[in-house]
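Okay, so here's the structure we're looking at.
The values are calculated or read from the model by the stated rules, or taken from the named source; none is laboratory data. Fair warning: this is a prediction, and the values are worked out from it, not measured in the lab. Virtual Cβ from ideal backbone geometry, glycine too; neighbours counted across all protein chains shown. Just the protein is used for accessible areas: all its heavy atoms, side chains included, with ligands, DNA and RNA removed. Shrake-Rupley method; radii C 1.70, N 1.55, O 1.52, S 1.80 Å.
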Amino acid sequence: MRRESPAIEGARSLEVRWICPGRLGTTLAEWFDRFPATAELQEDTYLLDPHLPELSVKIRSGRAFELKICHGSLGILDAAGRARGRMESWQKWSFPVAPPSKVSEGPAGWRSVHKKRRISQFLLADGEIRAVTAGRGEEPRCAVELTEVRFSGAAWWTLGFETTGPTSLLHSHLEATASLVFAQDLPEGIKLGMENSMSYMEWLRRRSGRTARRSK
């Protein structure tokens with residue numbers, strides 16, 4: 001029997017994300033910097049109109065067209081009582097594209113998000129989780145990112161976990177990584193709960209909805 005290629009099947013991931021208003025504080029950045037991380041600037045352009053339930057469509061930094069399908073929640077992540085969030089199962093396809101001519105200023109329905117990301121990566125091997133330098137190895141890994149976000153002139157920040165690899169290992173890998181990251185208390189005043197646990201697409205739709213209601 002012919003097997004489908006990974007490109008046709010799409011990459012599977014388990015993800016949890018929190019998105020909070022305001023600028024990223026120094027104390028939170030220092031808390032995250034306990035682990036080795038790479039930094040990058042990125043501008044992603046998301047398709048918000050028409051509304052496509054359970055889908056996320058975006059152009060990543062003008063270089064890749066990405067389509068993600070949400071397969072629903074796989075439960076609640078409760079990390080040492082310090083963070084609670086919804087774990088979502090996603091499937092992603094990515095295709096290279098030529099840089100567009102200012103998508104954000106072109107067709108209606110596309111909105112740009114500017115991101116300044118810190119990304120740490122973690123491997124689960126021999127029952128132990130450890131931070132590793134960034135790379136494109138084939139091993140299952142969990143990427144943890146702390147990101148400063150600019151959208152419609154407002155500042156936000158987000159902390160997200162994305163685990164990739166064999167489906168059977170996604171849940172345990174994500175929980176092990178979260179246990180390590182949240183082993184140290186969050187800075188005072190930082191609360192990561194169900195009320196701010198959501199994907200980028202859900203957050204963008206909420207923000208765009210509020211903007212639309214105010215403009216009526």
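Please report the relative contact order for the chain, taking Cα pairs under 8 Å with a sequence separation of at least 6, and give it as a percent rounded to a whole number. Mind dumping the intermediate values first?
Details: 426 pairs, mean separation 61.9, N = 216.
Relative contact order here is 29 percent.
How big is the Cα convex hull of the chain in projection, averaged over all directions, in nm²? Mind showing how you got there, number by number?
On the way: hull surface 55.0 nm².
Its Cα hull, projected and averaged over all orientations, spans 13.8 nm².
Hey, what's region 12-135 come to in accessible area per residue, 1.4 Å probe, Å²?
Result: 54 Å² of accessible area for each residue.
With the chain treated as a Gaussian network of Cα nodes joined by springs under 10 Å, which of HIS173, HIS114, HIS51 yields the largest mean-square fluctuation?
Highest fluctuation among the options: HIS51.
Running a GNM on the chain with Cα contacts under 10 Å, which residue among ARG12, ARG63, ARG84 ends up with the highest mean-square fluctuation?
ARG63
Tell me what the chain gives for mean residue ellipticity at 222 nm when only DSSP H runs of n ≥ 4 count, each as -39,500 (n - 2.57), the sum divided by the residue total, rounded to 500 deg cm²/dmol. Spell out each step's value before the answer.
Values: 4 runs with 41 residues, N = 216.
Per the formula, -5500 deg cm²/dmol.
Mind telling me which of SER56, SER199, SER172 comes out most flexible in a GNM of the chain, alpha-carbon contacts under 10 Å?
SER172
So the label point goes 7 Å from the Cα of THR27 along Cα→C-beta, right? Which residues of region 190-211 then have their backbone N under 15 Å from it?
Label zone hits: 190-192.
For HIS71 and GLU128, calculate 0.36 nm times their separation in residues minus their Cα-Cα distance, and state this gained length in nm to one decimal. Write out the running numbers ahead of the final one.
On the way: separation 57, 0.36 × 57 = 20.52 nm, distance 2.83 nm.
Contour length minus Cα-Cα distance gives 17.7 nm.
Percent of accessible area on the chain owned by carbon and sulfur, 1.4 Å probe? Before the final figure, lay out each step's value.
Values: 6310 of 12070 Å².
Carbon and sulfur atoms account for 52 percent of the accessible area of the chain.
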